[in-house]
Each structure stands twice: as C-alpha cells, then as structure tokens.
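Here is the structure we will look at.
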Amino acid sequence: MSLVIFSSVLPTYPPLDDLNKEHDWYQTQLILLKRKIRDISKLKQHFEKYDDKNQGLINTTNFKTILQKFKLGFDSEYLYRFTRCVDKDTEMMIDFIKFCEVLENLKIEEELSLLSSNPAYVEFDKFSVINDKLQGYFQSNNIQPKDLVATVFSKEAANLEANDKVSIERFAQFLQKICHNIFPKSQVFLHFTRKIDLDADGFINQNDIETFVARNSYIKQSHLTNQNNLFPKVPLSEAKVEVILRDLRHELNRKKISFYDFARKIDVLQTGFITINDFCKGIDKILKLSQPVKDGFFAYIDTENIGIISYQDFINVLKRSVVDKPVDVTEDSFDWQVEILNMIKGYATEKGLSADDTFRIMDSDFDGFISQGDLLRFLREVLNLTQEEATEPRITRLFKLLDFYKRGCIQLNDIKMLLNSKTNQTNPILSANDWMPKKSPFDWQLHARQQIGLALSQNFSSLKSSFQSISFFIFFLNPPIGIAGNNESMKYTQFHKWIESNRILSGFNMTERLIQKLFADLDPHKKGYLSEIDWFNAFSTTLLSIFKNNLLSRWLRCITTNPFRSSRSHRIQLRQY
C-alpha cells in the first residue's frame, strides 16, 4: 500500500479568513513536511546556525530560507502561506525549538507501524500518557507538587511515617485512579511510580514529587534508556560557549554584577551549589537563551557530570581559566585503582589461580593478612608496576577499596569478592533496594559511604542525631541542650567541614572535587543539599550491615572460646543466634 497521500500539484487555497480550514491545511502540511525531511535534528541544526543570540528564535525570512535549502519543492507562495500559519511571538519571531518539537511529536504512518511493534516505545507512550494526566491533576485541582502527599493522602496520615510520604504501591493506585484505568495492568502504574521514587526508598515524598515535576523534561527524554536523568549531559561546543560568555559578561558588566555575586544570586537556597533549575532561572534574569542552549551550557560547566556545579567551577568558566592546565586528574578520580583491580583479576585468570592461590601470592609475609606493604610488593614485583605508577597515595586508595569490610587489612574473603565481582553486581552491604542503580562492589563512592557509616555508628547515638549535629557543625555524641538540629537540610560546607575536621575518610585521599562528587551522590534529587531522608536512605543499610558483622564477629569468638562447643547439646545455629 502506498503511503504517499499528497499530489505534487499544490492544492487550491481556501480563503485565509476561514481559520478552521486554514488550521487543517497547516496540520496536513506539517505531516507532508515531516515525511519529506525525515530527520528533524538536521532541520534544527540549520535553524541554530541562524540563531546568533542562542535564544531559539529565528525571523520569518531565515525560516523560509532554511526550508528552501532542503529542496522540498515548495514555491514562494506556498512558503508564504505556510510561514503565516506558524506560531510567532509579538516581534514576529518563530520559536524553532517548539516548531521542531511539533514535528517530532507528529507520527506519520511509517513511524507508527514501526513503533507499535517496539516494546520500548509502547512503554514510553504509556509514560507520556500517565505523566500528562498527573500534570493535569495538579492544574485542575490547584495543588502544588510539594503538597500532593499531605493533601491527597491526609486520611492515611496515621499510616504515614512523619506524615510526609506514602508507599509506592499506594501512590500507584492513586495514579491508576486519576488515569481512569486507561491501562488494565496495575504494573504499568507501579513502574511509573518507581520513576518518581527518585531516592529509591520505596516511598514517594515531597522531594520525589517536586524534583520529578521540575526535572520532568530530562526524565522523560531518558525514559527509553530506563535511567532517570535529572539534568542535561550533552555539553555545548566551544564555539557556542564563547558566544554565550561574551554576551553574559557584557550583561553582567552592564548591570555591575560580579561573577561571585552572580553565582550567589543563582544559588537561591545558598547551598554552595547551583542546580539546573536555579541555573536556568538565574541565566534568564541576565540573558535570554533557549532551553537547549542553557542545558548545554550547564553540561559544559558540569565536567564531573554530577548534576550540580560549584561556585568555583562556574566562576572559572566565566573567567575562562577553565582552559588553563588542569590539576593531575588521577588525584580527582579512582580510575587508576579500577584499572589495577582489573589487572589483578586478569592476572589470576591468566595464571588459572583460585582466590586462595591469589591470596597466598599477595600475602608475602605469610601472616594470614594482606597489608599495604604486601600489596605494594605484589604490584611492583608481580605486576611490574614502576615506582612512579605505584605511588603511596594511589596504593592507600587501592587498599581502601580492597579492604571490603574496612577492617584495616585485606583478608581471603576480600580477594574472593574481587575475583567474583562484576561491573553490574550490586554491593551487598550498601544496596537497599532491588531497583536501585547497580554499581560495582568496589565503587569508591559506595566504600566512602561505608566508612562514613562506620564513623556515624561510633560517634552518634542515631542517624537523626548525627544529621542534626553535622548540620550545625556539632560533633558530639549528643548536641548541647538548647541547640536544636536543622531538620530541613545539610549543606555542602557543613558536610565538608565534618569530613575534613574529623578525618572521616582517612585513606581515601579525598580532593575537593571528589568530596563534591560524593556529596552529589548522596543527593539523589540533585537539589544541592541533603535532607534527613537522604541521610537515612544513604546510611541506614550500611549501619544495619555493620551491626550484623559485629554480631557475626562475636558469634565466632564465642564458639572458638566456648569449652563446651564440641557438645552437640550446647550447639546453636548462627541463624538462631
């Protein structure tokens, strides 16, 4: 069956004052235009070349010129009529970003036939429908996202912890209700709800909903990859950045705003970091840029790809000192350590060694433990690393990753864990939920969390007291009487001061940038600060694991020192203990 439904002869034009017919004609021509152009991204690239101010706007003359370049066979009369139908602002400028979005959202017959058989697209289409229904619910009921849980589930307050969150199962039922059961399977709504549960704790809270709504465009774009992207990740080209910097500096100078003051103005909550939402709002107050350009500019500054940018990184780009010679990147990452772990695994595989054999080779003094000195000798004498490669700071970091349970030495179980590890294997100590993003058991951020958890268990009576104390620079077991903790947020400066002042991450040799990355990892909503829920979700599983390990150690000491341990009548099972 032929899909060509238009003839090459231009149709007879209806009267221009007949708006309904004109609208129908325009919609038909959009379908024809998409069928002829196919790749809308190329059309957008042509528009961007004429967008000198990076505002996403183009005049009607350039709009018609670009369409002519595609050699679509449209004469000047046709282009005049088509351009007249395109939406324009008060200055007769066309928002080509929105125009391209309209074309992308149109599905012609060929696309519908292909996509209808693609499970990923079917899921994406369901995502869009449910998402639109949720957005419509906010508008029609005049409810702010932050008030949804308290308003809708107020009758269940007795069942809510702290009256500020609801289970994902219950929230999925709510979505199914407002969608009028348009999808028969409840699993569809549960899957969507888990997209909203950004901190993956099994509950929907205020931060989940606020962030989901504010970052909806990024989450929706990443839905087909089954990952929740809360911020843009594709940076602008150097040429584009140069133009933006020129215009931005000019406006800041005209308004007599210093770079530092500009950064502070953008950081609305004064957390020390700039989020993508605050970044876009702050830029809009100084310079008009299109949303894709603002996204790309943010991604350009966010070189660590963590979703928040520090004042210094932002100011460095404004000053353009970012192009200066960078600091040794090996100190700002654990890439070398990951490479060495893979080398150790490769060595064992190549030699056909078991975990026991590998452990004996690495334990050069045969004391039953691998010390940092043993590890250094193994790397230099067996793997033939030079002294310049195997420096002390690097070895110290590597030792931290191999010491899985943070006992101060590497034991046989640690080597077994290394040789059996996989990149997508969940860390059994630190992963709380099945649907959380999977990381290597030797991911440095997970190990840093574990060491922080150890410090919390040794110095605070509860996670709540630790959060309150650290958020007020108080490092006692219990805060002094009369000083209440900050129940709302912990800022980066407070977290950093506690880490550095108490040498919490001793051995990790943390740089400023690494501490920033760790802080961002603890902030699942990328809002620039930590809430008490973030703190609990990050360390509750770690503390439970530490408690279990302590019980196991005591159990082993008991059965090895009990003089009646050989008697069957006195034996008990570890599970019973």
* Asp374 under 39 Å from the mean Cα position of the chain (by Cα) and not β-branched (Val, Ile, Thr) -> yes
* **Residue tally, condition farther than 18 Å from Ala239 by Cβ and in a helix (DSSP H, G or I), over region 37-54** => 5
* Asked: Are there any pairs, at least 6 apart or on different chains, whose C-beta atoms fall under 6 Å, with the first in region 369-383 and closer than 14 Å to Gln337 by Cβ and the second modelled with pLDDT under 90, and if so, which?
  -> Leu379/Ala390
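Output the residues belonging to region 55-87 that are in contact with an Asp or Glu (Cβ under 8 Å, 6 or more places away or on another chain) and in a loop (DSSP other than H, G, I, E, B). Reasoning before the result, please.
Initially, region 55-87 is screened for residues in contact with an Asp or Glu (Cβ under 8 Å, 6 or more places away or on another chain), giving 56-58, 85, 87.
Passing the criteria: Gly56, Asp87.
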* Asked: Taking interchain pairs and intrachain pairs at least six residues apart, which have beta carbon atoms under 7 angstrom, with the first residue in region 181-201 and in the same structural domain as Arg170 (by TED's automatic domain parsing) and the second of a type in the set (Gly, Ala, Ser) and modelled with pLDDT of 85 or more?
  -> Ser186/Ala172; Phe189/Ala172; Leu190/Ala172; Thr193/Ala172
* Test Ala432 against the stated conditions and say whether it is part of a loop (DSSP other than H, G, I, E, B), within 15 Å of Leu341 (Cα to Cα) and at pLDDT below 90. => no
* Among the residues of region 246-265, is there at least one that is in contact with a Lys or Arg (Cβ under 7 Å, 6 or more places away or on another chain) and over 19 Å from Asp313 (Cα atoms)? -> no
* If you take the residues in region 288-321 that are surrounded by fewer than 17 Cβ atoms within 10 Å (Cβ to Cβ) and closer than 25 Å to Phe99 by Cα, which one is farthest from the chain's Cα centre (by Cα)? -> Lys288
* Thr28: touching a strand residue (DSSP E or B) at 6+ places or on another chain (Cβ under 9 Å), more than 26 Å from Glu242 (Cβ to Cβ), at pLDDT 80 or above and in a helix (DSSP H, G or I), yes or no? -> no
* **Filtered residue count, region 238-267, keeping only those that are touching a residue at least 12 places away in the same chain (Cβ under 8 Å) and part of a loop (DSSP other than H, G, I, E, B)** => 3
* Test Met92 against the criterion of being surrounded by fewer than 16 Cβ atoms within 10 Å (Cβ to Cβ), modelled with pLDDT of 85 or more and out of contact with any Phe, Trp or Tyr (no Cβ under 8 Å at 6 or more places or on another chain), and give yes or no. => yes
* To do: Quick one: which helices (runs of 4 or more DSSP H) lie wholly within region 450-547 and hold at least 1 residues that are more than 30 Å from Thr391 (Cα to Cα) and at pLDDT 85 or above?
  => 463-470, 492-501
* Any residue at all in region 253-269 that is within 29 Å of Gln445 (Cα to Cα), surrounded by 15 or more Cβ atoms within 10 Å (Cβ to Cβ), β-branched (Val, Ile, Thr) and modelled with pLDDT under 90? -> no
* **Residues (assigned to a helix (DSSP H, G or I), of a type outside the set (Val, Ile, Thr) and without any contact (Cβ under 8 Å) to a residue 24 or more places away in the chain) located in region 391-403** => Glu392
* Structure fact -> Picked from region 175-194 (must be at pLDDT 80 or above and surrounded by fewer than 19 Cβ atoms within 10 Å (Cβ to Cβ)), the residue nearest to the chain's Cα centre (by Cα) is Arg194
* List the number of the failed condition for Ala200; all other conditions in (1) on the phi < 0 side of the Ramachandran plot; (2) buried (at least 19 other Cβ atoms within 10 Å of the Cβ); (3) at pLDDT below 85 hold. => (1)
* What do you reckon, is Asp443 buried (at least 18 other Cβ atoms within 10 Å of the Cβ), at pLDDT 90 or above and acidic (Asp, Glu)? -> no
* helices (runs of 4 or more DSSP H) within region 281-390 that include 1 or more residues of a type in the set (A, V, I, L, M, F, W, C), at pLDDT 90 or above and closer than 30 Å to Val243 by Cα -> 291-301, 311-319
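The values are calculated or read from the model by the stated rules, or taken from the named source; none is laboratory data. Not measured: the values here are computed from a predicted model. Every residue, glycine among them, receives a Cβ derived from its backbone with ideal geometry; neighbour counts consider all protein chains shown.
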